[in-house]
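Visitor: Let me begin by handing over the structure; questions about it come next.
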Amino acid sequence: MSQPLFIAFVMFALVMFFTPGPNNIMLLSSGLTYGFRRTLPHMAGITIGFAFMVAAVGLGLGTIFIAYPMLQTVLKYAGAAYLIYLAAVIAMAGPAASGQDNQRGPMTFWGAAMFQWVNAKGWVMVIGTITAYAAIAAFPWNIMIQTGVSLVMGTVSTVAWALFGSALRPLLTSERAVRAFNIVMAVLLLASLYPVFMDA
């Protein structure tokens with residue numbers, strides 16, 4: 001294994017996993033609105049779903065996108081449409097009252113895992129990981145290392161962002177404050193679409 005390249009890859013992963021993006025903004029909002037415990041499936045879906053995506057693309061799924069570039073375009077715009085929908089849901093979310101089982105809850109494990117395939121920042125991370133750091137080790141060990149690092153970084157990042165959101169709960173006690181916060185998060189989520197449309 002190339003140690004300098006591994007260190008560079010870890011630094012890349014730190015920046016990409018911990019900077020604001022659709023996943024982290026949604027976790028922050030979910031932590032505030034639903035609390036840390038109810039956000040756990042969402043966190044697990046992001047972490048496992050993204051690591052699976054790295055493994056799948058690294059082990060050959062990327063060739064499908066090379067053969068059918070239109071598929072990546074379709075996924076990109078489907079992801080943009082879904083993010084706009086999620087931004088609207090977040091903007092309208094108020095605090096979750098206890099005992100309201102019929103209220104819309106946080107994103108499910110499978111919803112969060114599937115979202116990774118239409119997440120523009122996720123694709124940037126996967127392509128950067130697979131291409132720029134392929135020489136980290138011989139194939140398929142390089143993919144295993146990249147997948148393992150993604151699992152660790154994803155776990156730490158999702159926990160940090162969800163905890164940050166849930167830590168805001170005692171500070172944002174009124175329904176108005178929670179709604180205002182969620183509107184700001186929805187605007188940031190929409191702002192994360194900027195690279196998608198600039199690349200069009």
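The values are calculated or read from the model by the stated rules, or taken from the named source; none is laboratory data. Nothing here was measured: the structure is a model prediction, and the numbers come from that model. As a convention, Cβ positions derive from the backbone with ideal geometry for all residues, glycine included, and neighbour counts pool all protein chains shown.
Visitor: Between residues in the stretch 71-97 that are farther than 18 Å from Pro22 by Cα and residues that are among the small types (Gly, Ala, Ser) and at pLDDT 70 or above, which pairs lie under 8 Å by C-beta distance while being six or more apart or on different chains?
Guide: Ala96/Gly35; Ala96/Gly105
Visitor: Report the residue count in the stretch 129-149 for those that are over 11 Å from Val57 (Cβ atoms) and in a helix (DSSP H, G or I).
Guide: To start, the set of residues in the stretch 129-149 that are over 11 Å from Val57 (Cβ atoms) comprises 132-142, 144-145, 148-149.
Those left that are additionally in a helix (DSSP H, G or I): 132, 134-136, 141-142, 144-145, 148-149.
Residues flagged as over 11 Å from Val57 (Cβ atoms) and in a helix (DSSP H, G or I) within the stretch 129-149 amount to 10.
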